[in-house]
Amino acid sequence: MYTKDGETYFVVDSHVHAWDGSPANQANRYGKGFIECFYDYHRSLSPEGWVWPLEKFEKYSDETLVRDLFDEGYVDKAIFQPTYLTDFYVNGFNTTEQDGRVAEKYPGKFIVNGSFDPRDGESGLDALEMLAHRWNLKGVKLYTAEWKGISKGWKLSDPWAYRYLEKCEELGIRNIHVHKGPTIYPLNRDAFDVADVDDAATAFPDLRFIIEHCGLPRLEDFCWIATQEPNVYGGLAVAMPFIHTRPRYFAQVLGELLYWLDENRLTFASDYAIWHPKWLVEKFVDFQIPEDMQAEYGVLTPEIKKKILGLNAAKLYDLDVPDAAKVREEPADSGAAVGSAPAVPA
Amino acid sequence: MTTTAVSAEVWDALGRVRDPELDEPITDLGFVHELTVAGSEVRARLRLPTYFCAPNFAYLMVADAVDAIRAVPGVETVEVRLEDHFAAEEINAGVAAGAGFAGSFPAEAAGELDELRRTFRRKAHTACLARVCRRLLAEGWQVDALAGLRLADLPESVERESLVRRREELGLPATPDAPLVVDDDGRPVVPGKVAERLRFAQAVRVSIDGNAGFCRGLLKTRYGASNNTEERG
């Protein structure tokens, strides 16, 4: 937990990795290019003093991960989001099993999420069931833009995807994290197209669709959908680090998200090891919408920050929150309807 | 024409090639890494912020660059190559052969990129509208009053030029008497609906501007180029 100015924050890091991007595990130039791309994200947006050497970034120890998140980074619970990339890495980049091994070594610290690919058909449904039982899955992480043989991606609205989502309901997996963002590319389709989320969210009202990277850089499309679908959430991985390099942009993104969604459907994430939660948490708690934007976006209260930093994710994953970090329960309010805001766009 | 004159014209031509997603000239973004003009032969090298930048957008920029250079008087041979990109080989070969996107990725691509390009032109137009109207509102215009304005009512500005250019590209009404606030299909937005349209337009603008900043920063990180990453807005 993090305490500042008398306020206590329960921190859930909703998106972390235990990856192996080392040369020994790289299967081809794509594997090399992928980790280097991540490394540039890391170097480009981290503050001075927080940049690792490439070698450490490619593969870090369990001890480093646990120390950074829990001893230094104020994180109370971290959620592993797997990224298989078995075409790029010999043993996969970051599989459920890799994550699970770390989680079992440090009990009580992590939530292990799984994954599925609807193109695996019937056998994939069985595999998902086994994975769910083995790791007690409450969530999955999906990559709709991933290539597979001649297929260059899939949609959440595909008939087979619906079969898998039905399976998730049956298995008690209610948190569907969907990667809509950079670095995994479909060919001619738009990697960030979130239209399929709309259909799936309507068809499965009991599931929660957490859009990782909140659709950036297609923020508007994501916001438009999230406004209409109450079970669509925004994961702040990749948006968070702009708080340091481009605070005014961060304020605008957060302001837009709070306007179109509300403070109850945004979840904090570091995307560790791309960024370190310690500086993100510290800067976020200190952050305020710049004065000249406040007329339009309002201000961030400690309650809003508490929800984003941990309480919203805690609800999604039924986590116990210490009394000191709770906020007063309010009736759910999605804010003003779209278009009814003060008519003064900045 | 002299080589120097051709060089300047080629550079200008490349300045009209925009990243379809970021809606900025590739010359301003620092994507043109090398440009050599020898007589009537032009060679250009493009490089992007990441190894995994979307191949569809990369293809469009390489192909557009070739078309732009070819249109410069005095140019006979053009070679544009994308570097340091996971799909560089396919894209370079495909563009050189005039194969089109689908022809460059015969096994993978499901079609050409016209619709994708149109989608992003629409977004660019929406963002331009947001910029223009932001200025008017700051000058004291009431939001619903904007529904009564025509393009001719806008003061001369870079923003107005950009807006008109986007309209023309999309085939939307762009004459001076055309209404200012229109939807994606060029239909005028009625008073009472202007705020909603502009609210969404603002989200588009934030999205595009933010992404451009991210990409500039990544290019600088990757190549150490002296790109301007100062925060604006």
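Yes or no: the stretch A:69-81 includes at least one residue that is in contact with a helix residue (DSSP H, G or I) (Cβ under 6 Å, 6 or more places away or on another chain), aromatic (F, W, Y) and farther than 26 Å from B:A87 by Cβ. For the stretch A:69-81, residues in contact with a helix residue (DSSP H, G or I) (Cβ under 6 Å, 6 or more places away or on another chain), aromatic (F, W, Y) and farther than 26 Å from B:A87 by Cβ: present.
Inside the stretch A:1-47, residues that are surrounded by fewer than 20 Cβ atoms within 10 Å (Cβ to Cβ) and not in a helix (DSSP H, G or I) make up a count of 12. One residue is enough: does the stretch A:195-210 have a residue meeting the conditions of a type in the set (K, R) and within 14 Å of chain B (Cβ to nearest Cβ)? No, there is no match, as no residue in the stretch A:195-210 is of a type in the set (K, R) and within 14 Å of chain B (Cβ to nearest Cβ). Would you confirm whether any residue within the stretch B:186-201 is within 25 Å of B:R16 (Cα to Cα) and more than 11 Å from chain A (Cβ to nearest Cβ)? Yes, because at least one residue in the stretch B:186-201 is within 25 Å of B:R16 (Cα to Cα) and more than 11 Å from chain A (Cβ to nearest Cβ).
Highlighted here are the helices (runs of 4 or more DSSP H) found entirely within the stretch A:96-202 that include at least 2 residues which are farther than 27 Å from A:E229 by Cα: A:96-105, A:121-135. Here A:A18 meets the list (1) in contact (Cβ under 8 Å) with a residue 24 or more places away in the chain; (2) within 14 Å of chain B (Cβ to nearest Cβ) almost entirely, failing just condition (2). For the stretch B:99-111, a residue qualifies if it is facing chain A (nearest Cβ under 7 Å) and either modelled with pLDDT of 75 or more or surrounded by 15 or more Cβ atoms within 10 Å (Cβ to Cβ) (or both), and the qualifying residues are B:F101, B:F105, B:E108, B:A109. Considering only residues that are among the hydrophobic types (A, V, I, L, M, F, W, C) and buried (at least 21 other Cβ atoms within 10 Å of the Cβ), look in the stretch B:208-223 and name the one that is nearest to the chain's Cα centre (by Cα). Restricting to residues being among the hydrophobic types (A, V, I, L, M, F, W, C) and buried (at least 21 other Cβ atoms within 10 Å of the Cβ), the top hit is B:I208. Per the listing B:A174, B:A87, B:A96, the residue uniquely under 23 Å from the mean Cα position of the chain (by Cα) and at pLDDT 95 or above is B:A174.
If you check B:L116, B:L136, B:L198, B:L129 for being assigned to a helix (DSSP H, G or I) and within 14 Å of the chain's Cα centre (by Cα), only one passes: B:L116. Scanning the stretch A:237-269 for residues that are under 17 Å from A:V281 (Cβ atoms) and in contact with a strand residue (DSSP E or B) (Cβ under 6 Å, 6 or more places away or on another chain) yields A:A237, A:L266, A:T267, A:A269.
Within the stretch A:98-108, can one find any residue that is in contact with a Gly (Cβ under 9 Å, 6 or more places away or on another chain), aromatic (F, W, Y) and modelled with pLDDT of 95 or more? No, the stretch A:98-108 contains no residue that is in contact with a Gly (Cβ under 9 Å, 6 or more places away or on another chain), aromatic (F, W, Y) and modelled with pLDDT of 95 or more. Residues in the stretch A:186-226 that are out of contact with any helix residue (DSSP H, G or I) (no Cβ under 8 Å at 6 or more places or on another chain), within 25 Å of A:F242 (Cα to Cα) and at pLDDT 90 or above: A:E212 only.
Just one of the listed residues (B:V204, B:V182, B:V189) is within 23 Å of A:Q228 (Cβ to Cβ), out of contact with any Cys (no Cβ under 8 Å at 6 or more places or on another chain) and surrounded by fewer than 21 Cβ atoms within 10 Å (Cβ to Cβ), namely B:V189.
Counting only residues that are in contact (Cβ under 8 Å) with a residue 24 or more places away in the chain and surrounded by 13 or more Cβ atoms within 10 Å (Cβ to Cβ), the stretch B:154-175 holds 10 of them.
Of all residue pairs spaced 6 or more apart or on separate chains, those with beta-carbon atoms under 6 Å, a first member in the stretch A:142-170 that is among the acidic types (D, E) and a second member that is assigned to a loop (DSSP other than H, G, I, E, B) are A:E146/A:I184.
The helices (runs of 4 or more DSSP H) falling completely within the stretch A:213-330 that include 3 or more residues that are away from chain B (no Cβ under 14 Å) map to A:277-286, A:302-306, A:312-316.
Residues that are in a strand (DSSP E or B) and at pLDDT 95 or above were ranked within the stretch B:19-33; the one that is farthest from the other protein chains (Cβ to nearest Cβ) is B:V32.
Given the conditions (1) within 18 Å of A:Y297 (Cα to Cα); (2) buried (at least 22 other Cβ atoms within 10 Å of the Cβ), report the number of the one that A:D271 does not fulfil. Result: A:D271 passes all but (1). Pairs are defined by a Cβ separation below 6 Å, a sequence spacing of at least 6 or placement on different chains, a first member in the stretch B:112-128 that is within 12 Å of chain A (Cβ to nearest Cβ) and closer than 19 Å to B:R197 by Cα, and a second member that is part of a helix (DSSP H, G or I) and modelled with pLDDT of 85 or more; the pairs so defined are B:K123/B:V204; B:T126/B:A201; B:T126/B:V204; B:A127/B:V204; B:A127/B:R205; B:A127/B:I208.
Considering only the stretch A:48-66, I want to know if a residue exists there that is buried (at least 20 other Cβ atoms within 10 Å of the Cβ), without any contact (Cβ under 8 Å) to a residue 60 or more places away in the chain, within 11 Å of chain B (Cβ to nearest Cβ) and assigned to a helix (DSSP H, G or I). Within the stretch A:48-66 (the criterion being buried (at least 20 other Cβ atoms within 10 Å of the Cβ), without any contact (Cβ under 8 Å) to a residue 60 or more places away in the chain, within 11 Å of chain B (Cβ to nearest Cβ) and assigned to a helix (DSSP H, G or I)), the answer is no, since none of the residues qualifies. Restricting B:R166, B:R131 to those that are farther than 22 Å from B:G192 by Cα, outside the structural domain of B:R18 (by TED's automatic domain parsing), in contact with a helix residue (DSSP H, G or I) (Cβ under 6 Å, 6 or more places away or on another chain) and basic (K, R) reduces the list to B:R166. B:A58 - would you say it is assigned to a helix (DSSP H, G or I) and touching a residue at least 12 places away in the same chain (Cβ under 8 Å)? So B:A58 passes the test. Set side by side, the residues B:A152, B:A87, B:A68, B:A44 differ, and just one is of a type outside the set (K, R) and facing chain A (nearest Cβ under 9 Å), which is B:A87. Of the numbered criteria (1) surrounded by fewer than 23 Cβ atoms within 10 Å (Cβ to Cβ); (2) part of a loop (DSSP other than H, G, I, E, B); (3) modelled with pLDDT of 95 or more, the one A:V75 fails is (1).
The values are calculated or read from the model by the stated rules, or taken from the named source; none is laboratory data. Just so it is clear, the structure is predicted and the values come from calculations on it, not from any experiment. Cβ sites come from the backbone with ideal geometry, for glycine too, and all protein chains shown count toward neighbours.
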